[in-house]
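Single-structure report; data block below.
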Amino acid sequence: MGSVYRAYSRLLTKYPMTVQSLQAGALMGAGDVSSQFIVERRPVSEYEWRRTARFFALGSFFVAPVLTRWYGFLDRKLGSGKGITALKKVAFDQGIFAPSFLGVFMCVLGVSQGHSIPHIQQEIKTNYKDIILVNWSVWPAVQIINFSFVPLHHQVLVVQVFALFWNTYLAWKTNRSS
């Protein structure tokens, strides 16, 4: 197991954005798969592989690059460490970043699903409040731990591992009416 971690760390150091993008894509895709089979209880014959591919692409080309840059920005502006520094990061992350990111995420997802602008606006009107409230009930605790104890180059991975459960929720919540 140690050799896998060392290989991962070497790749992460050499190709940070590629590794973070692939891991976020894989975990977002896995979140959609678990949503379809565990939450929605779809039979294999009704599995929507395009939906999973869409979540993989969103994780790889949108979520990971944005999170990587955001965490780097927070680290440069606020520093790293426990206590007040971590609390400041969580305040910025949950007070500024999360509300705007989730709105943009819902727009990008809607466009990738081929929905019209009025449909996307209705989805946001219908689901955004629930999503942000659930976000605020789980993510501050995760981010306190992440910002306090996890090195910057591993923060996206930690968030994406926890986000396996979050992505299951998002996949379910944003695909109920599709």
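The values are calculated or read from the model by the stated rules, or taken from the named source; none is laboratory data. Source: prediction; values computed, not measured. Every residue, glycine among them, receives a Cβ derived from its backbone with ideal geometry; neighbour counts consider all protein chains shown.
HIS115 versus (1) within 25 Å of GLU40 (Cα to Cα); (2) in a helix (DSSP H, G or I): which is the lone unmet condition?
The failed condition is (2).
Restricting attention to region 85-93, does a residue exist that is within 20 Å of the chain's Cα centre (by Cα), of a type in the set (Phe, Trp, Tyr) and closer than 17 Å to GLN155 by Cβ?
The answer is yes; a qualifying residue exists.
Is it the case that GLY81 is in contact (Cβ under 8 Å) with a residue 12 or more places away in the chain and either in contact with a Pro (Cβ under 7 Å, 6 or more places away or on another chain) or under 30 Å from HIS119 (Cβ atoms) (or both)? Walk me through how you get there before you give the answer.
Numbers: in contact (Cβ under 8 Å) with a residue 12 or more places away in the chain: yes; either in contact with a Pro (Cβ under 7 Å, 6 or more places away or on another chain) or under 30 Å from HIS119 (Cβ atoms) (or both): no.
Here the answer is no, as GLY81 does not meet what is asked.
Any residue at all in region 160-176 that is in a helix (DSSP H, G or I), free of Cβ contacts under 8 Å to residues at least 24 places away in the same chain and over 23 Å from MET17 (Cβ atoms)?
No: zero hits.
Determine whether HIS153 is in a loop (DSSP other than H, G, I, E, B), crowded, with 16+ Cβ neighbours inside 10 Å and of a type outside the set (A, V, I, L, M, F, W, C).
On the way: in a loop (DSSP other than H, G, I, E, B): no; crowded, with 16+ Cβ neighbours inside 10 Å: yes; of a type outside the set (A, V, I, L, M, F, W, C): yes.
So HIS153 fails the test.
Condition test on ASN146, is it farther than 21 Å from ARG50 by Cα, assigned to a helix (DSSP H, G or I), of a type outside the set (Phe, Trp, Tyr) and in contact (Cβ under 8 Å) with a residue 12 or more places away in the chain?
On the way: farther than 21 Å from ARG50 by Cα: yes; assigned to a helix (DSSP H, G or I): yes; of a type outside the set (Phe, Trp, Tyr): yes; in contact (Cβ under 8 Å) with a residue 12 or more places away in the chain: yes.
Considered against the rule, which asks whether it is farther than 21 Å from ARG50 by Cα, assigned to a helix (DSSP H, G or I), of a type outside the set (Phe, Trp, Tyr) and in contact (Cβ under 8 Å) with a residue 12 or more places away in the chain, ASN146 comes out as yes.
In region 89-125, what residues are within 19 Å of ILE145 (Cα to Cα) and among the aromatic types (Phe, Trp, Tyr)?
PHE92, PHE97
Of the numbered conditions (1) farther than 22 Å from GLN160 by Cβ; (2) free of Cβ contacts under 8 Å to residues at least 24 places away in the same chain, GLU123 fails exactly one; give the number of that condition.
(2)
Can you name every residue in region 6-29 that is among the small types (Gly, Ala, Ser) and modelled with pLDDT of 90 or more?
ALA7, SER21, ALA24, GLY25, ALA26, GLY29
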